[in-house]
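The next block holds one structure in the form of C-alpha cells; read it before the comments.
Each reported figure results from applying straightforward, stated rules to the coordinates on display, with no laboratory input. Keep in mind that what you see is a predicted model, and the values were worked out from it rather than measured. Here the Cβ is made from the backbone with ideal geometry for all residues, glycine too, and neighbour counts use every protein chain on show.
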Amino acid sequence: MTNENYNGKDWNKSFTIWNDMLNSKNANSITKGVYILKSLSDGIGRISDLSSELSLSKGTVHRLLKTLGQLDLVMQDPITRRYYLGPLILKLASKPIIAHQKLITCAFDQMRYLRDVTRETVVIHIRVGLERICLEELQSLETVRYTAGKGFVMPLYAGAGGKVLLSEIDENELQLLLRNLRLVSLGPNTITDRKMLLKEIRRVRQQGFATSFGEREQGSSSISVPIKNYICPVALSILGPDNRFTLKKMTDILKEVKESAGRISENLAK
C-alpha cells in the first residue's frame, strides 16, 4: 500500500478505518453502511429519515455517517445538515464506462447487429442515482439521426430507457425513488405526473418493453428492453427520429430487440 493522498487525506488512514470496520465485533456495520449509501443515492439525506427508512437508531446512523465521511464516501451540507454522497463515490461513478466494461463487451455484437438491421442508433443505459448514463452508443447509419452520446447523463424518468430502468426496481424502492424525483418537462410528451409515471412503469414491467415519443426531445422516438443477469438494471434501446422510427417499425423489430437482449443476458451469465 503506497502512501498516496486522496483529496488531501491520508489513504493509509482510510485503509485503517476500513480494516477496523471489517474486524469489529459488529461486522454487519459494513452492510448498514452500504444501505446508507444506497438511501443517499435515492435522495434520503436527513438522519431522522435514514433512521426511519433503515430501522436503525439515530445514534447508529450518525456513527456510520461519521465513519463514511472520514472515508470521503459521504459529505454533509453545513447549512441544511443534509447528507449526500461524497467525492470518492462521485469520482468512482464518473468513470462508469471503465467500471462496466464487461457489460459493454458482452453487448457490443448484438448492438451492432441491431444497428445494422434497423439503421438507427443503438445504446445501453444504466441507472446512476436519480439519473441514467449512456455507457455505449452505436450511431445510426442514416444521415439524419438521433443520438444520446456516449457518457451522456440524462434524467431517469424521461424516455423509454429510463422507464425500463425504473421498471426493474422493486416496488418499495420505486415508490421511494419517485417521491424524490423532480419531474420537469424536457420534451412535449414528458410525463410529469407521478401517478401517471407509476402507471406507465408498471405497464412496462408487465409487457417487458417501453416506447417513447417526444418525452426527452421533440421529434425523437425510442424503444427499450431490459438486459438481465447484471449487477444493476440495464436498458437496451434503439433511438431515431419519429418520422422514420415509427410505432409500426418498433413493433416490427420488437422480437429481434428482445432476442438480442436475451443473448446479451446469456453472455453476462457465463
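Modelled this way, with points 7 Å down the Cα-to-C-beta line, the labels at ASP116 and THR143 are 2.4 nm from one another. Simple rule: put +1 on each Lys or Arg Cβ and -1 on each Asp or Glu Cβ in region 132-270, find the dipole, and look at VAL234, ALA148, ASN189; the Cα lying farthest toward the positive end is ASN189. The relative contact order of region 112-198, computed from alpha carbon pairs under 8 Å that lie at least 6 residues apart in sequence, is 20 percent.
Over the chain, Cα pairs under 8 Å with separation of 6+ residues give a relative contact order of 14 percent. Stretching the chain fully between THR251 and ARG202 yields a gain of 15.7 nm (0.36 nm per residue, less the alpha carbon separation). Relative to the longest principal axis of the Cα atoms of the chain, the long axis of helix 247-269 lies at roughly 40 degrees.
Compute log10 of I(q)/I(0) for the chain with the Debye formula, placing one identical point scatterer on every Cα and leaving out solvent, at q = 0.17 Å⁻¹, to two decimals. The computed values of log10 I(q)/I(0) come out as -1.28.
How far, in nm, would the chain grow between LEU37 and ASP49 when pulled straight, counting 0.36 nm per residue and subtracting the alpha carbon separation? Display every interim value, and only then the final one.
Working: separation 12, 0.36 × 12 = 4.32 nm, distance 1.32 nm.
That pair, LEU37 and ASP49, stretches by 3.0 nm at full extension.
Look at the dipole of the chain built from charges on Cβ: of LEU247, VAL34, ILE98, the Cα furthest out on the positive end belongs to VAL34. For the chain, a simple Cβ point-charge model (Lys and Arg +1, Asp and Glu -1, everything else neutral) yields a dipole of about 440 debye relative to the Cα centre. Each residue of region 106-118 was assigned a 3J(HN,Hα) from its phi angle through the Karplus curve 6.51 cos²θ - 1.76 cosθ + 1.60 (θ = phi - 60°); the sequence is 5, 8, 4, 4, 5, 5, 5, 4, 5, 4, 5, 6, 8 Hz, with glycine and proline shown as x. Calculated over region 138-270, the projected area of the Cα convex hull averaged across directions stands at 8.4 nm². Placing dummy labels 7 Å off each Cα toward the beta-carbon, the span from PHE108 to ARG263 is 1.5 nm. The stretch between PHE152 and ASN229 holds 25.3 nm of extra length on full extension. This uses 0.36 nm per residue minus the Cα-Cα distance. Seen against the Cα atoms of the chain and their longest principal axis, helix 171-180 is set at about 80 degrees.
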